[in-house]
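The values are calculated or read from the model by the stated rules, or taken from the named source; none is laboratory data. Since the model is a prediction, treat every value here as computed from it, not as a measurement. Don't worry about glycine lacking a Cβ; one is built from the backbone with ideal geometry, like all the others, and counts go over all protein chains shown. To get the accessible areas, we keep the full protein, side chains included, count just its heavy atoms, and leave off ligands, DNA and RNA. Shrake-Rupley method; radii C 1.70, N 1.55, O 1.52, S 1.80 Å.
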Amino acid sequence: MSLQIEGIKKSFAEKEVLEDISFTTEKGEFVSLIGPSGSGKTTLFSLIGGLLLPDQGQIHLDGRDILGKKGNISYMPQEDALFPWRSIIDNVILGQELQGKEEKGRAQAMLEKAGLADVIHAYPHQLSGGMKQRASFIRALLSPQNILLLDEPFSALDEFTRLDMQKWLLDIWEADKQSILFITHHIEEALFLSDKIVILTDRPTRVKEIIDIPFARPRDEAILLTEEFLQWKRKILEIIRA
């Protein structure tokens, strides 16, 4: 599904947070948002998810107005947000359960593919941080919505686990090609994962620049050490600092 953000403005108590935000996420596209802390990225996700209404602007999903309408997107917050009293398999099928479309067999197959076959019936406190993140991703991916919002999902992970999770996410995404909107403060992460990067300013937040990433898919971690990758990292850093 394509997501169109058009002229979005949002203020809280007369303090302007978002000012004229416009960009598009095309069907099957991976788009990252980079901007300073407190620049309103999570607020934008709340607007897309229908939890808040903008002061001005439009949000369309495949041309359909979704302002103030819930249930159109799948959302994964920074924390894993697994319910401690539910097993991993029961956590993963929760979105389907709420929609009355439970597919336990598919959920189990995805958990096995993610290396979680041995912990399907375990509980969240028995899993490592990376394992819990994988379970949360699968829950989001199994939701019936075709667009996925990810809010800094790897921020709490160490560098080794983070890279493993990035490669795992790309592998899963390549197979299904859901549209993804991804918040990160990590330039390398955005470059490695994305088709397009939307760079935001500080408050009141505007779109500073939109960059199309030229790297071919599927992506290999070897690209992280190439001169071209380092040049793009330098370019994005210069745009952010300008």
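Here's the yes/no breakdown for (1) outside any loop (DSSP other than H, G, I, E, B); (2) basic (Lys, Arg); (3) in contact (Cβ under 8 Å) with a residue 40 or more places away in the chain:
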{"site": "1", "(1), (2), (3)": "no, no, yes"}
{"site": "4", "(1), (2), (3)": "yes, no, yes"}
{"site": "7", "(1), (2), (3)": "yes, no, yes"}
{"site": "16", "(1), (2), (3)": "yes, no, yes"}
{"site": "21", "(1), (2), (3)": "yes, no, yes"}
{"site": "27", "(1), (2), (3)": "no, yes, yes"}
{"site": "32", "(1), (2), (3)": "yes, no, yes"}
{"site": "42", "(1), (2), (3)": "yes, no, yes"}
{"site": "47", "(1), (2), (3)": "yes, no, no"}
Report summary line: Checked the stretch 56-76 for anything open to solvent by less than 50 Å² (accessible area, probe 1.4 Å), under 17 Å from residue 153 (Cα atoms) and not in a loop (DSSP other than H, G, I, E, B); matches are 74, 76
Query - Only listed residue being over 18 Å from residue 153 (Cα atoms) and surrounded by 20 or more Cβ atoms within 10 Å (Cβ to Cβ), chosen from 33, 44, 18, 53 - result: 18
Report task. Give the residue, chosen from 203, 217, that is closer than 26 Å to residue 172 by Cβ, charged (D, E, K, R) and modelled with pLDDT under 95. Result -> 217
Query raised in the report: Here is a list of conditions, (1) over 20 Å from residue 82 (Cα atoms); (2) open to solvent by 20 Å² or more (accessible area, probe 1.4 Å); (3) in a helix (DSSP H, G or I), and residue 190 meets all of them except one; can you say which number that is?
Result: (2)
Report summary line: By residue number, the members of the stretch 131-163 that are within 23 Å of residue 106 (Cα to Cα), open to solvent by 10 Å² or more (accessible area, probe 1.4 Å) and not polar (S, T, N, Q) are 131, 132, 134, 139, 141, 144
Query raised in the report: What number goes with the only condition from (1) of a type outside the set (Asp, Glu); (2) within 30 Å of residue 4 (Cβ to Cβ); (3) without any contact (Cβ under 8 Å) to a residue 24 or more places away in the chain; (4) open to solvent by 70 Å² or more (accessible area, probe 1.4 Å) that residue 104 does not pass?
Result: (2)
Query raised in the report: Any idea which residue in the stretch 159-200 is nearest to residue 74 (Cα to Cα), counting only those that are among the polar types (S, T, N, Q) and either modelled with pLDDT under 90 or in contact with a Pro (Cβ under 6 Å, 6 or more places away or on another chain) (or both)?
Result: 178
Query raised in the report: From the residues in the stretch 214-235 that are touching a helix residue (DSSP H, G or I) at 6+ places or on another chain (Cβ under 8 Å) and aliphatic (A, V, I, L, M), which one is surrounded by the fewest Cβ atoms within 10 Å (Cβ to Cβ)?
Result: 223
Query raised in the report: Would the stretch 78-85 turn up any residue that is closer than 30 Å to residue 241 by Cα and within 14 Å of the chain's Cα centre (by Cα)?
Result: yes
